[in-house]
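Below you'll find the structure, written out as structure tokens, and then a few comments.
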Amino acid sequence: MNYKDRLINLGKRIAKERGRKGWTQSQLCEEMYFSSSSVSTIRNWEKGIKAPTLENIFKLSDLFGCDVGY
């Protein structure tokens, strides 16, 4: 699996876990203490365009209650 495929896979997992919580992308921004203008960041993660930083991966893991290696 190449880097782009991994980004897409990670994005799908973020979207799936966000959906399980019943959150919009805006609500996930709030939960991560991002500004409301950062919705594009969440969108880019979910589309596999950009990767979250390691710090944000840990935040997502805590919010979603899953292991970082998931």
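Can you tell me the orientation of helix 3-21 relative to the chain, as the angle in degrees between its alpha-carbon axis and the longest Cα principal axis, to the nearest 10?
30 degrees
For the Cα atoms of the chain, what angle does the longest principal axis make with the long axis of helix 54-64, in degrees from 0 to 90, nearest 10?
For helix 54-64, the angle is close to 60 degrees.
Taking 8 Å as the Cα distance limit and 6 or more residues as the minimum spacing, I'd like the relative contact order of the chain as a percentage.
Numbers: 55 pairs, mean separation 25.3, N = 70.
Relative contact order comes out at 36 percent.
How would Y33, Y70, Y3 rank on accessible area, largest to smallest, probe 1.4 Å? Intermediate values should be presented prior to the final figure.
Numbers: Y33 200, Y70 95, Y3 155 Å².
Greatest to least solvent exposure: Y33, Y3, Y70.
Quick one: accessible surface of L10, probe radius 1.4 Å, all protein chains present, in square angstrom to the nearest 10.
60 Å²
Fully extended, how many nm does the chain gain between S61 and T24 (0.36 nm per residue separation, minus their Cα-Cα distance)?
11.6 nm
The values are calculated or read from the model by the stated rules, or taken from the named source; none is laboratory data. All values reported here derive from a predicted model rather than from experimental measurement. Please note that ligands, DNA and RNA were not included when accessible areas were found on the heavy atoms of the full protein model with its side chains. Shrake-Rupley method; radii C 1.70, N 1.55, O 1.52, S 1.80 Å.
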